[in-house]
1. Does A44 qualify as being near the ligand (Cβ under 10 Å from one of its atoms) and surrounded by 21 or more Cβ atoms within 10 Å (Cβ to Cβ)?
2. Counting only residues that are among the acidic types (D, E), give me the helices (runs of 4 or more DSSP H) lying completely in region 223-324 with at least 3 of them.
3. How many residues are open to solvent by less than 20 Å² (accessible area, probe 1.4 Å), within 16 Å of the chain's Cα centre (by Cα) and hydrophobic (A, V, I, L, M, F, W, C) if we restrict to region 184-211?
4. Tell me which of these L270 doesn't satisfy, since it passes every other one: (1) out of contact with any Ser or Thr (no Cβ under 7 Å at 6 or more places or on another chain); (2) of a type outside the set (V, I, T); (3) within 22 Å of V65 (Cβ to Cβ).
5. Return the residue satisfying two criteria in turn: it lies in region 24-41 and is within 13 Å of the ligand (Cβ to nearest atom) and open to solvent by 10 Å² or more (accessible area, probe 1.4 Å), and of such residues it is nearest to F112 (Cα to Cα).
6. Name the single residue, out of those in region 151-181 being at pLDDT below 95 and in a loop (DSSP other than H, G, I, E, B), that is nearest to E105 (Cα to Cα).
7. For region 77-88, name all the residues that are open to solvent by 20 Å² or more (accessible area, probe 1.4 Å) and either in a helix (DSSP H, G or I) or over 14 Å from V309 (Cα atoms) (or both).
8. For residues in region 190-204 being over 10 Å from N20 (Cβ atoms) and of a type in the set (S, T, Y), which is farthest from the ligand (Cβ to nearest atom)?
Amino acid sequence: MKSETIVSGARASGKLHIGNYLGALKQWLELQKKETTQCYFFIADLHGMTTSFNPKELSSNTLDVAATYLAAGIDPKKSIFFLQNHVLEHATLSWVFNCLTPLGELYRMTQFKDKAQSEDQANSGLLTYPILMAADILIYKATAVPVGDDQTQHIELARTVARKFNNRFGKIFPEPQTYMRKPLRIMSLTDPEKKMSKTGDEALLMDDEPKEIMRKLKKAVTATEGGKKSPGVENLFLLLEHFGTKEQTDYFRGQQKNDSLKFSELKEILARDIGNYFVEYREKKQELLGKKEYLAEVLADGANRAHKVAAQTLFEVKQKIGLL
Ligand code: AQP
């Protein structure tokens, strides 16, 4: 008997970076191992349309993210693994939630404000994104959602939507918790006040070879202003804590204390450690990208399994709200 339901996904808006890995995927892999947990991991292709996209990129990004999940260790036998657009109930439930949510709650979302600024003309999907996300989560009656720190506000909205629905029409949905070992946000290398992002400045990708990582790290901003801790330097230390050893962290923290931090040395070690960490992953991913039929089969099977649960929830919702 599974007592916990976990749901999470990543937008099909580009190749996954190490922020996506540390903030989300790594937690998914831990949760997948728990016998008492049913996990749903999907590729958010519909969310991929909320910022500028073109059909060719959308389909290649979707395949790329699917191969990334599998190569990183998502096991389609243990977890339900599928494309968001293959389970139509997500979009229908999202419409129901749209009609329960005041616009003001959406305009307050910081991610909307940030992303709308960088779009020439933000589309309305970008505004209603958190409602679709609430539907993605609640359609499976998730109890917890493993996400990076940047998504906390969206999970709060999903809880509000669940509460509102339950109070008005009768209880169907649990109020999902955010699953986070420790709040984590990897920052952009060139603009460390902003989070690392697929669609922002060049991110460190899980696919990058050490040479490429070094090229990107060379551009990392490390300036310190007025004796304050530099966010760029702290970001590099955060990466070292995750990919390096404790000895390495102690060594460079020691240098930092003595004002003798050698950034070139730190960056070289980081490039090597991050590159090595993903060696096996990179090999598996290349292999999977050559097996498109296998990927399609696995995704179709996942969508089938997800659909059964989603259809039952939608049936309950329709009964409660008077849709015939
Ligand atoms: N920089 C980050 N640090 C920690 N966690 C992060 N996540 C994203 N960026 C960081 C987490 O990764 C998961 C998947 O994110 P997403 O693809 O659904 O959407 P996002 O948060 O908008 O991710 P990106 O990388 O910034 O992509 P774009 O540029 O396409 O919007 C989520 O759990 C997220 O918290």
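1. So A44 fits the description; yes.
2. 263-277, 279-289, 292-321
3. 5
4. (3)
5. It comes out as A24.
6. So the residue we want is M180.
7. Initially, region 77-88 is screened for residues open to solvent by 20 Å² or more (accessible area, probe 1.4 Å), giving 77-78, 85-86, 88.
Matches in region 77-88: K77, K78, N85, H86.
8. T190
The values are calculated or read from the model by the stated rules, or taken from the named source; none is laboratory data. None of these values were measured; they are calculated from a predicted model. Don't worry about glycine lacking a Cβ; one is built from the backbone with ideal geometry, like all the others, and counts go over all protein chains shown. Accessible surface areas use protein heavy atoms only, side chains included; no ligands, DNA or RNA. Shrake-Rupley method; radii C 1.70, N 1.55, O 1.52, S 1.80 Å.
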